[in-house]
Amino acid sequence: MNSTHPAPTANSPTPASILLVEDNAIVAFDMQQRLQKLGYQVQGIIASGEEAIAAVSRQAPSLILMDIFLDGGIDGIEAAKAILENTQIPIIYLTGHDDEETLNRAKITETFGYIIKPAESRDLHVAIEIALYKHAAAQALQKSEQQYRLLFDSMLNGFALHEVVTDDKGKPRDLLFLDVNPAFASFFDLPAKDIIGRSLRQLSEKVEPYWIDILAKTALTRESIRFDSFAGFVDKHFSVVAFSPQPRQVAAIFEDTTRRKDAEKHLQHRTFHDALTNLPNRALCLDRIQQAMERSQVRDDYLFAVVQIDIDRFKDVNDSLGHLVGDQLLQSVGHVLLDTVSAVDTVARLGDDEFVVLLEELPSKKTGTATIKKIKSALNRTLDIEHHSIHISACLGALFGPNECTSPENFLQGANIALRHAQEQGLDQLRFYAPEMQDKAIKKLDTETRLRNAISENEFFLALQPIFSITQNATLSGFEALLRWKPKHRGWVPPSEFIPIAEQTGLILPIGQWVLEQSCKVLHSWAEKYPGNTLSVSVNLSARQFSDPDLVHNLFSCIRHNRINPTQLKLEITESDVMTNPEATIQKLRIMKELGLAILVDDFGTGYSSMSYLQRFPIDTLKIDRSFVTQLDKHANRVIVRTIINLAHNLGLSVVAEGIETEAQCLTLQEMGCEYAQGFHFSRPILLDEIDDFISRHLKK
């Protein structure tokens, strides 16, 4: 019984259209009837090969039933060949001949079999359905392959399929390229077609054996692998995923990570190097010290040294010549240090003008000391920067390792402590770390911490040392305000211990302001207690105070707030501070004089004063340093003191001698014409709660 397809419905797929090529009209009609009963749509009946080619060009059917022997110039086989050159339509041959010659001719074309006429409907149906299914599957596969090839060719990562090439002993010696995509081909700057069929060693003689070994191992073991490595033969970093799709084959995806690796290296360099000098920064310096410490634990004879360096007066260069010159100076210092030390040593910049040198592989401390002194000498030089000749020097703090330090930070701390001790000695100094320096540093830090709270805790006291006029009989003229500090639950702290710390930390500004305010309050109270008195108070101004832009405003505010006579407030400035910036000093002193204040130059004779500037300074008094007064019995000192007094008088200035301890010293100064004197011979500094009794006694005299 013949099977038929049901008629298609509105929701059923469109029936396959079949083009029937048959020159026998009776056979063609019979075939048409059976096809329609099977549910197929007959697109047309063609009697010749030429007409079949033309019909297909007009409208392509789903399938062609092609008679082999046709009337006309070409038979069915030739017609099928011509149709398949431009289309992929499935063709089934119809033939009444099953001889071998005919069938061999039919095999030449890519058809979907043949049917021997006359054919049963069932056989016809099966042949057509198989042909349509195979055609659909082939189309789907072709589409999938096209999509794969499109994806393959457009991959950003390189892909290569290799076959392992072995030597006579079966050992992998090369990789043959079976397929590559354009991304992989670009690694060699070649088109993909010029790579396929060639081996890796043919493409490059510089191939590292590692690449052949690891990829061949994947092919032979059939185990997938993922790895990162540098391929020197193409100068690129790759992240590779490799697997074996077939025995002796390895497929690998190559992700070019060169830019990322370079960026990581650049970022790592920036993380551990100073941007200005390109030297190792603090983090890398600590790491290098850690490595030196570890080497010293392995080798008994391993010796190293950590040297911290600070450029003298670098801030002055920055402030006067600008940061551009300052930056170039730091770069030049880095070059000097690199040129001075060996290749195994480390030169690092911690920040600002602080550098660290790590000296390694030292044969002895003697050699290390010589190298450190060599560094110090190398930094004492003149540099030409931006048309400026700048002479530099540096202070150095050093310590040798291994020692009791247990961390790199401890080594830097020790070198820093030694450096601070060197700086306390002046410019161009070198100090080596000693354990007692640590104790001093701790004590200094404790002093600084307590000093910060001294004002709020009311731990400061004002002491006044009397100043006497000695032109005839000793008469009380005024006082010098001196600061005293007594922390809670502790004894008095000598000014020599806390004043330098206050100077270094900047605490001298609020402390100096406190002294100024207290002195003005004292003058105000005296105006009420002793009407008409002319007693003065001299207040010492530190270098930091004198350079403070708010100084004049603070002076004016204190005078106005306490309603005092400004002529009774005197300001003492050291000779070295006066000469630091003479022109700026002159301008500031003139403003102070306009406020009515008297100006004294303290410690005169210990510094260097230009006579031309001394004439221009609007000052009132020179104070002779105690170092000359206490040794007046020496001829040289008497000559110096007499010269200072004569100089002052010639400039119209008065003179105060400090540090007088004996009557003989006082008489000598009187004979020389010195107007004022102070010292233990007259009185020690007096605290405020005792000053009124002292003043009352002397005012009665």
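The values are calculated or read from the model by the stated rules, or taken from the named source; none is laboratory data. Computed from a predicted model, the values in this text were never measured in an experiment. Every residue, glycine as well, gets a Cβ built from its backbone with ideal geometry; the counts of neighbours run over all protein chains shown.
For segment 18-64, a residue qualifies if it is closer than 17 Å to Glu85 by Cα and in contact (Cβ under 8 Å) with a residue 60 or more places away in the chain, and the qualifying residues are Ser62, Leu63. Report whether or not Phe152 is buried (at least 16 other Cβ atoms within 10 Å of the Cβ) and either modelled with pLDDT of 90 or more or at positive phi (or both). It is false that Phe152 is buried (at least 16 other Cβ atoms within 10 Å of the Cβ) and either modelled with pLDDT of 90 or more or at positive phi (or both). Just checking, which of Glu658, Glu675 is touching a helix residue (DSSP H, G or I) at 6+ places or on another chain (Cβ under 6 Å), within 19 Å of Ser469 (Cβ to Cβ), surrounded by 17 or more Cβ atoms within 10 Å (Cβ to Cβ) and assigned by TED's automatic domain parsing to the domain that holds Ile467? Glu658 is the lone residue from the list that is touching a helix residue (DSSP H, G or I) at 6+ places or on another chain (Cβ under 6 Å), within 19 Å of Ser469 (Cβ to Cβ), surrounded by 17 or more Cβ atoms within 10 Å (Cβ to Cβ) and assigned by TED's automatic domain parsing to the domain that holds Ile467.
All conditions but one from (1) touching a Leu at 6+ places or on another chain (Cβ under 6 Å); (2) without any contact (Cβ under 8 Å) to a residue 40 or more places away in the chain apply to Leu509; the one that does not is (1). Lys236 falls short of the stated requirement of being under 40 Å from the mean Cα position of the chain (by Cα), under 30 Å from Ala263 (Cβ atoms) and surrounded by fewer than 16 Cβ atoms within 10 Å (Cβ to Cβ). Just so you know, in segment 240-276 the residues that are in contact (Cβ under 8 Å) with a residue 60 or more places away in the chain and of a type outside the set (A, V, I, L, M) include one that is surrounded by the fewest Cβ atoms within 10 Å (Cβ to Cβ), and it is Pro245. Can you find, within segment 323-350, the residue that is farthest from Arg288 (Cα to Cα) among those that are in contact (Cβ under 8 Å) with a residue 60 or more places away in the chain and touching a helix residue (DSSP H, G or I) at 6+ places or on another chain (Cβ under 7 Å)? Here the answer is Val325. Could you look through segment 108-143, keep only residues that are assigned to a loop (DSSP other than H, G, I, E, B), out of contact with any Leu (no Cβ under 7 Å at 6 or more places or on another chain) and not hydrophobic (A, V, I, L, M, F, W, C), and pick out the one that is modelled with the highest pLDDT? Among them, the one singled out is Glu120. A Cβ distance below 6 Å, combined with a sequence gap of six or more or placement on separate chains, defines the contacts here; from segment 83-107, residues that are modelled with pLDDT under 80 reach residues that are exposed (fewer than 14 other Cβ atoms within 10 Å of the Cβ) in the pairs Asp98/Ile116.
Considering segment 181-221, the residues that are over 41 Å from the mean Cα position of the chain (by Cα), assigned to a helix (DSSP H, G or I) and not aliphatic (A, V, I, L, M) include one that is surrounded by the most Cβ atoms within 10 Å (Cβ to Cβ), namely Thr218. When segment 288-320 is limited to residues that are assigned to a loop (DSSP other than H, G, I, E, B) and touching a residue at least 60 places away in the same chain (Cβ under 8 Å), the one that is farthest from Val336 (Cα to Cα) turns out to be Tyr302. The criterion of at least 3 residues that are under 58 Å from the mean Cα position of the chain (by Cα) and closer than 21 Å to Thr534 by Cα is met by the following strands (runs of 3 or more DSSP E) wholly inside segment 588-701: 598-604, 621-624, 654-658. Search segment 437-466 for residues being among the polar types (S, T, N, Q) and without any contact (Cβ under 8 Å) to a residue 24 or more places away in the chain, and hand back the single one that is surrounded by the most Cβ atoms within 10 Å (Cβ to Cβ). That would be Asn453. Considering segment 381-417, and only residues there that are in contact with a helix residue (DSSP H, G or I) (Cβ under 6 Å, 6 or more places away or on another chain) and not in a strand (DSSP E or B), the residue that is nearest to Val325 (Cα to Cα) turns out to be Glu386.
Evaluation of Val537 against the conditions (1) closer than 22 Å to Glu594 by Cβ; (2) in contact with a helix residue (DSSP H, G or I) (Cβ under 8 Å, 6 or more places away or on another chain); (3) surrounded by fewer than 18 Cβ atoms within 10 Å (Cβ to Cβ); (4) not charged (D, E, K, R) shows that the sole unmet condition is (3).
When the strands (runs of 3 or more DSSP E) confined to segment 442-553 are screened for residues that are in contact with a Gly (Cβ under 8 Å, 6 or more places away or on another chain), those reaching at least 1 such residues are found at 460-469, 536-540.
In this structure, Thr505 does not satisfy being closer than 21 Å to Ala677 by Cβ and modelled with pLDDT under 95. Figure legend. Inter-residue proximity from segment 469-495: first residues under 16 Å from Ser683 (Cα atoms), second residues β-branched (Val, Ile, Thr) and exposed (fewer than 14 other Cβ atoms within 10 Å of the Cβ), beta-carbon distance below 7 Å, spacing 6+ or different chains. Indicated pairs: Ser469/Thr475. Filtered by the rule that a residue be more than 21 Å from Ser519 (Cβ to Cβ) and either outside the structural domain of Pro531 (by TED's automatic domain parsing) or among the small types (Gly, Ala, Ser) (or both), segment 678-696 gives no residues.
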